[in-house]
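The values are calculated or read from the model by the stated rules, or taken from the named source; none is laboratory data. The shown structure was predicted, so the numbers you read here are calculated from the model rather than taken from an experiment. Positions of Cβ are generated from backbone atoms using ideal geometry, with glycine treated the same way; all protein chains shown enter the neighbour counts. Only protein heavy atoms, including side chains, enter the accessible area calculation; ligands, DNA and RNA are left aside. Shrake-Rupley method; radii C 1.70, N 1.55, O 1.52, S 1.80 Å.
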Amino acid sequence: MPNAIELIVDGYVSLNDRRALDDLRMQRRKLAADLKARTGFDDRTTIQQIEEDIIVIEAGLAQLDGAATT
């Protein structure tokens, strides 16, 4: 069963909404950077999940890139 980010990315890909995917990726990158900068907390699991989200988002962007070249 797909997780929430996969469903969101699939929706943006089907709408051909590159801007929304770029915005989502930037938001996730900022969130990961902010969590990595924190001290006194163990945020490794959360950071790992965010990095996995970024991989899914980038795969969606790659799909749009592939659709644009065909």
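When restricted to residues that are exposed (fewer than 11 other Cβ atoms within 10 Å of the Cβ) and part of a loop (DSSP other than H, G, I, E, B), segment 39-70 contains 5.
Scanning segment 19-70 for residues that are more than 12 Å from the chain's Cα centre (by Cα) and in contact (Cβ under 8 Å) with a residue 24 or more places away in the chain yields Gln63, Leu64, Ala67. Filtering Asp34, Asp10, Asp17, Asp23 for residues that are open to solvent by less than 60 Å² (accessible area, probe 1.4 Å), at pLDDT 95 or above and acidic (Asp, Glu) leaves a single hit, Asp17.
You will find that of Asp34, Asp43, the residue that is touching a Lys or Arg at 6+ places or on another chain (Cβ under 9 Å) and more than 12 Å from Ile5 (Cα to Cα) is Asp43 and no other.
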